[in-house]
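Data block below; observations after.
Just so you know, all these numbers are worked out from the coordinates, no wet-lab data involved. Computed from a prediction, not measured in an experiment: that's the story for all the values here. Cβ sites come from the backbone with ideal geometry, for glycine too, and all protein chains shown count toward neighbours.
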Amino acid sequence: MNRNLVRIAGLIFAAFSVVILYLTYIQIFQGSFLLNHPRNRRLQLLEKTVIRGRILDGHGKVLAQTVVADGEKRRVYPYGEITGNVTGYLSGKYGRWGLEASYNQALLGLESGLTGEDFWAIRRIDTGRRGNDIILSLDTGLQELAYRLLGDRKGAVVAIEPSTGRVLTMVSRPGFNPERIEPAWDKLKNDPDSPLLNRATQGLYPPGSTIKVVTAAGILARNPETADRYFDAPGYVVIEGRRIEDRQARGRLNLSQAFARSSNYVFATLGIEQGARNFVQMAHNFGIGQNIPFDIFTENSRIPVPEQLSKLELGESAIGQGRVMVTPLNMALVAAAVANKGKVMAPSLVDEIRRPDGSLIRAFQPRVLWHTIDEKTADILRQLMVAAVANGTGRSAAIPGIQVAGKTGSAENPHGKTHAWFIGFGPADDPQVAVAVIIENGGAGGAEAAPLAREIIKTVIGQKR
Amino acid sequence: MPSEIRGTERSLFIYIFLFLWLGLFSLFEAGIIKDIRQPAFLSLAVTLAMLLTHLLLEKWGVEGDLLLFPLTSMLNVAGLLMILRLSPEFAERQFIWLFVGLAAFLLTVKGLNNYKSLEDYKYIYIFAGLFLLLATILFGVEAGGARSWIELGIVRFQPSELVKIILVIFLAGYLEEKKEILAEGTRNILGIPVPSLQYTGPLLVMWGLSLVLLVFQKDLGTALIYFGTFLAMIYISTGRWPYIFTGALLFSLGGLLGYLLFAHVRVRVAIWLNPWIDIDGKGYQIVQSLFAIGSGGIYGTGLGLGQPSLIPAAHTDFVFSAWCEETGLLGAAALILIYCLVIHRGFRIALTAKTGFGTLLAAGLTSLLAIQTLVIVGGVIKLLPLTGITLPFVSYGGSSLVSSYILLGLLTKISAEDGA
C-alpha cells in the first residue's frame, strides 16, 4: 500500500510543479501582455494618479508632455504631425499608438511592472507621482528639415547612425497631429492617403533599383571576381520573353559602370546567375522577409520563397520589380549594413529612460542585429555606391568635398508615376549617417529622392563637425 | 512548562504572528484599512486563539505532527489578510469562523477517543452524508450559480464541504475491509480482474450518486474533487491502475456526455480554451483573473497596492489571483510550497500510520486537500476549466474553513496516536 501511496504523492507533486511552471509562464512571460492589454483597467486607473512622463529628443526638445491646467491633464505634442508617426497618440477611445504605446510602462513610471522600478512596491507610494521621461535618438531639427523637404508629397525619410543603429530621423507624410486624434479620427481613418500609416515602418513598396545593392551583394559574396567582369549591355533585357527597356545603360560596361547607370540587363542577368536560393538568402541577410525588432510597430518586408520564383520573377526581383516589397526602414538598414562593413545594428529610437529627477534608469546599448556580408564584399559595394553618386544616377546626392555613397531607384507601381527611391550614406570613408528616402509616385529617384538625401547627409555631417 | 513536546510548533508561530501583524501594518500604510481598531482587535483575537490552541495541545500532551498546524495557520493568516484587504465587511464573519474552525480542530483532536473507532460506523456516516446532500437538493438555496447551501437560521452552510470528509472516512473504512477482494477480483474481463458486483456495488452506487447529486447542483468543481479523491484512494488501497483507467475513462465519458447534452458545459469548455473571444461576457471572470495574475509580475505590487477588486468574487474563488497580483510570482510560489509541505506532512502521516485504515484515511484526506487546491489554483490560472470552489484555509467561507480544520484535526489525531 505504501508504494502506491508514494506514487500518488509523486503524481500530486508533479501536478503542483506544473502549476508553478505555468504560473511562471503567466507572470513572467505573459506579464507584459496582460498588464498592457487594452481591456486591463489597471493601467488606466494608474494613469489617473500618475503624470505621464515626457518624450524628449537628444537636445531636450519636448516631443510630448502632459500639462496640468485647472486640474485637467492634457497631453501636448509641440511638433504635432512632424513627429506624430513616432510619438504616436494616446486616446481614451482609440487606445495608444507609437512610442506612447510601446513605452507606456516607462512613461507611467512602471519600468518593471507594477512593482516600481527597483522591485520594492513601497517606493511607489512615495514617488509614484510622475512617470519617467524617454529620450530619443531622434533629432527634431533634422526631422523638421526632412518633413519640410518632403513637402506635400507622400513618402518617408529614415536616417540611421550606421555604427549604432540609432534612428536620427523618421518622417512619414502625410502625417497627423496626435493632439487632435479624437476629433479627427473618422477623417484620418477614411482618408485615402492614410495619414495614420507610418510609411517609414509600415509602408511596403517595391524597392526598384535600390535592390541592386542586394543583388550585387549576392553575386559578390559568391563570386568576388565579378567586380572585374565586363558586360555587353544591349540597352534592354529580355527574360522569358518579357522585354524590359534599359536605354540609360548601353554598351560595354564593367560592374561599377553597370551599377552606376543602374543597368537592368546586367543585374537581371546577375540575379538569374546567382539563382533564386542565393538571391533570397542574401535578401534575408539584409532583413527582407525578416522581423525587424524596433521600438514602434514595424511591418516585415516581403519576398517570395525561392521555390516560388520563376526565372522571370527572379530576374524581375533582382532589379526590384517583382513581388519583393520593402519598408523604408528596411532599406535604410540595407544602406547602413554596407556603411558598417556588413554588420547591421539593431535600429533604436530610445536612447535613455530617466526618472523625473533626471537620474538614469536605462541607457541604450548598441547591438549587432544581423551579419549580412563580409568586410571585403561591403568594401566593394561601398565603392560601387560611391561611383553611383560620383558619376552615375545618384549625382544629385553628391556633396562637394564629401564622398557620398548611394543607389537610386525608380520603382514601377500600379498607381502612376514611379516611386522615387534613394538609399545611401556618407561620408563614404567614415559613415555618420545612412538614409533611405522614398517619394510615392515622385518619378525618378535620382532627380527627386537623391537631393533630399543629400540635405539630410549634409546636415548630419555639418552638425558633427 | 516542564515537558516541551510542541516546542517547534511554538517557535514557528512567531513567524506567523510576525506575518500577520506586518501584513496588517502594510494594509494600513497602503490606505486599505482606514480604521485600524477593528482589524487590530480581530488580529489580536486570532493571535491569542492560535496561541491558546497551541497551549491546549501542549497541555493535553498531543504528540501529533508539529508542522501541520503552523503551516495551515500560515495559510489561514494569508487568507485573513486577503479578506481584510478585499472585503473588510466580511472580515468579522471570517474571523469568527476561524474561531469555530479552531474549536472544531481541538474537538476533533480531543473529543475523538480513538480514530480507529471511526471505521466502525462508516455506513452511518455515509448515510448521514448522503442525507445531507439530498437535503441540499431539496431544501438548498442557490448562491453563485451552485445550489449547494442550506439555510439554518442566520447561518448558511455548504454540506458538500463536510460530506467530502465523510466520504473519505467511509472510503477508507470500506476499502480497508474489502481491498483484497477488490485487488484480486473474482472474475476476469479482458484480462482485467473485476470484483463481483456485490463488492463493487456499494462503491459504484455511492460514487454515482454523489456525482448525480452534484450534477443537479451544477457544482462541477466538487464533483471533480470527489472523483479524484475516490480514484486516488482506490489506487492506494488496491494498487491497480485499471481502476484508475476505467475510472478516468468513465469520467471522460461523463464529461463528453455533459458536453453534448448541456449547453452550459459547452460554453464552459469554450471559455476555458479561449476566454478572449468573450471578454465582457462568459470569459470575464477568467480574463480578469489572468489580468490580475499577469499584472503582479515577479514581485507583485505589494499588499494593498494592487487592484484585485477588479476581479469578481476575489475573496472566494479568486483569492489566489488577488494574492498573485499583490505578492507576485514569489508570493504565489510560496503559498503553493506551503500547500506542498502540508501535503507532504499528510502523506508522511499516512506512511507512518499503524493501521491500514489510518493510512488510507490520512492519504485520502491529504489527497482531498491536494486535489481541491490543484483544481481551484489550476482553474484561476486557466490551466484547468474554471470551477467555483474554495482554496482550503485561504478563501472566504465558513463551511470550507471549518471542514478544513476538521481535516487538520483528523490528520493530527492519526499522527498523535500512531506516532511519527
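Observations, loosely collected:
- Debye, to nearest 20: dipole size of chain A, +1 on Lys, Arg Cβ, -1 on Asp, Glu Cβ: 660 debye
- Sorting the segments A:261-268, A:387-394, B:47-54 by their mean number of nearby beta carbons within 10 angstrom, highest to lowest, gives A:261-268, A:387-394, B:47-54.
- Listed residue (B:ALA350, B:ILE181, B:SER403) projecting farthest to the positive dipole end of the range B:115-418, Cβ model: B:ILE181
- On Cα atoms only, tilt of A:264-285 relative to the major axis of chain A in degrees: 20 degrees
- Against the main long axis of the alpha-carbon atoms of chain A, helix A:140-150 sits at an angle near 50°.
- Look at the dipole of the protein assembly as shown built from charges on Cβ: of A:VAL437, B:VAL265, B:LEU22, the Cα furthest out on the positive end belongs to A:VAL437.
- For the range A:161-202 versus the range B:289-343, the inter-centroid distance based on Cα atoms is 40 Å.
- For chain B, a Gaussian network of Cα nodes joined below 10 Å ranks B:ARG37, B:ARG93, B:ARG348 by mean-square fluctuation, and the top entry is B:ARG37.
- Partner chain coverage, peptide A:13-26 - average Cβ within 10 angstrom: 6
- Protection proxy ranking, peptides A:395-407, A:16-28, average beta carbon neighbours within 10 Å, highest first: A:395-407, A:16-28
- Taking a ≥ b ≥ c as the square roots of the eigenvalues of the Cα gyration tensor, the range B:230-365 is oblate, since a/c reaches 1.5 or more and a/b is not larger than b/c.
- Taken as entire DSSP H runs, the helices of chain B that both span 20 Å or more between Cα atoms along their own long axis and average 0.0 or more on the Kyte-Doolittle scale are B:7-29, B:37-59, B:68-86, B:88-111, B:122-139, B:159-184, B:197-217, B:220-238, B:241-261, B:319-352, B:356-380, B:398-418.
- Peptides A:270-282, A:223-235, ordered by how many other C-beta atoms sit within 10 Å of their residues on average, highest first, read A:270-282, A:223-235.
- Cα gyration tensor category, rounded, prolate or oblate, for the protein assembly as shown with a/c compared to 1.5: prolate
- Relative to one another, the C-alpha centroids of the range B:86-123 and the range A:405-448 are positioned 81 Å apart.
- Neighbouring Cβ atoms from other chains, within 10 Å of the Cβ of residues in B:299-312, number 4 on average.
- Computed from Cα positions, the angle between helix A:2-24 and the longest principal axis of chain A comes to roughly 60 degrees.
- Centroid-to-centroid separation of the range B:44-79 and the range B:368-420 [C-alpha atoms, Å]: 17 Å
- Dipole check for the range B:115-418: with +1 at the C-beta of Lys and Arg, -1 at the C-beta of Asp and Glu, and the Cα centre as origin, the magnitude is about 380 Debye.
- Considering helices alone, the calculated mean residue ellipticity of the protein assembly as shown at 222 nm is -17500 deg cm²/dmol, with DSSP H runs of length four and up weighted by -39500 (n - 2.57) and normalised per residue.
- Anisotropy class of chain B from Cα gyration tensor, a/c 1.5 cut: oblate
- Per-residue mean of foreign Cβ neighbours for B:356-362 is 1 (Cβ atoms of other chains, 10 Å radius).
- Sites A:ASN441 and A:ARG302 - FRET efficiency at Förster radius 22 Å, r taken between beta-carbons, to 0.05: 0.60
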